[in-house]
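Contents: one structure, followed by commentary.
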Amino acid sequence: MLITFEGIDGCGKTTQIGLLSALMKEIGKDVLTLREPGGTEFSEKIRDLLLHSKDRLTPQSELFLFESARTDLVEKVVKPSLEKGTIVILDRFYDSTTAYQGYGRLIDLSFVKASNEIAISGVKPDVTFFLDIPLEISYERSNHRELDKIEKSGDSFFHRVIEGYKQIAKEEPERIVSIDGAKTKEEIFEIIKEKVKCKLQNEELKIINPN
Ligand code: Z5A
């Protein structure tokens, strides 16, 4: 099972992934948590370039770097883990590219979606949690931390990213669960726990009764 988390900076992905992975381990599940960009030696090098290089990147170079990091992670780690039956939890996946490079950087959406398709080669999340927070909360939570390259993109960029996420969630209500990220950590985790429990039960039923 592949579970992904999405949302703008500081929306609480890392916090919820920590809680979910601890719970999964507690109930005896084999679970792997990964982040994008990252998760392989090569993808971590690309992450460093994307977030910290002093070079000015064009939106297109940014897009291709995210996709290169993604394909490396998918082919080397995500696919083999899913094939073994491991539950993979990803901090960001291709919805981030649609939101940030498509809606945020204004690269043609059909081009972004086609690039995503190449990078994921058929690997799709079973469920995606979109933690929806306004920009003000993102700024409050990242309080005084040094900003990376993408975080310095400005308010109008982030407003477009937020609207992009809302649109993506509207287009795929079956896969994407939108949660008000301003709720408490505990309230958010309750919603996530219930949804994952349902997914696991459905999966077990499918194993017992494949038809
Ligand atoms: N990016 C892209 O442009 N295109 C792509 O295709 C991909 C990524 C894959 C990666 O940054 C950047 O790359 C990201 C998008 C871009 N840039 N931006 N902007 P990253 O991985 O370094 O960081 P991040 O994913 O954006 O976010 P983060 O800093 O890791 O935040 P988070 O994981 O969402 O939040 P958190 O660490 O769980 O929580 C932040 C703080 O809030 C922390 O102090 C918590 O204790 C607190 N918190 C969490 N939940 C709550 C609640 N519910 N109430 C109150 N306080 C809370």
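The values are calculated or read from the model by the stated rules, or taken from the named source; none is laboratory data. Keep in mind that what you see is a predicted model, and the values were worked out from it rather than measured. Cβ atoms come from the backbone with ideal geometry, glycine included; neighbour counts cover every protein chain shown. Calculation scope for accessible area: heavy atoms of the full protein, side chains included, ligands and nucleic acids excluded. Shrake-Rupley method; radii C 1.70, N 1.55, O 1.52, S 1.80 Å.
Hey, among the residues in segment 126-159 that are of a type in the set (Gly, Ala, Ser) and assigned to a helix (DSSP H, G or I), which one's farthest from the chain's Cα centre (by Cα)? Here the answer is 156. The residue of segment 109-125 that is farthest from the chain's Cα centre (by Cα), among those that are within 12 Å of the ligand (Cβ to nearest atom) and not β-branched (Val, Ile, Thr), is 115. Looking at segment 34-56, is at least one residue charged (D, E, K, R), under 19 Å from residue 78 (Cβ atoms), at pLDDT 95 or above and touching a Ser or Thr at 6+ places or on another chain (Cβ under 6 Å)? Scanning segment 34-56, I find no residue that is charged (D, E, K, R), under 19 Å from residue 78 (Cβ atoms), at pLDDT 95 or above and touching a Ser or Thr at 6+ places or on another chain (Cβ under 6 Å), so the answer is no. Residue check: residue 54 meets all listed conditions (1) within 11 Å of the ligand (Cβ to nearest atom); (2) open to solvent by 40 Å² or more (accessible area, probe 1.4 Å) but one, namely (1).
Just so you know, in segment 130-147 the residues that are open to solvent by less than 20 Å² (accessible area, probe 1.4 Å) and touching a strand residue (DSSP E or B) at 6+ places or on another chain (Cβ under 7 Å) include one that is farthest from residue 171 (Cα to Cα), and it is 131. Contact map, segment 32-58: first residue touching a residue at least 12 places away in the same chain (Cβ under 8 Å) and of a type in the set (Gly, Ala, Ser), second residue part of a loop (DSSP other than H, G, I, E, B) and within 12 Å of the ligand (Cβ to nearest atom), Cβ cut-off under 8 Å, separation 6 or more or different chains; pairs are 43/36; 43/37; 53/149. Examine segment 148-171 for a residue that is more than 30 Å from residue 86 (Cβ to Cβ), touching a strand residue (DSSP E or B) at 6+ places or on another chain (Cβ under 8 Å) and either open to solvent by less than 100 Å² (accessible area, probe 1.4 Å) or not hydrophobic (A, V, I, L, M, F, W, C) (or both), and state whether such a residue exists. Within segment 148-171, one or more residues are more than 30 Å from residue 86 (Cβ to Cβ), touching a strand residue (DSSP E or B) at 6+ places or on another chain (Cβ under 8 Å) and either open to solvent by less than 100 Å² (accessible area, probe 1.4 Å) or not hydrophobic (A, V, I, L, M, F, W, C) (or both). Among the residues of segment 173-210, the ones that are part of a loop (DSSP other than H, G, I, E, B) and more than 15 Å from residue 131 (Cα to Cα) come to 3 in all.
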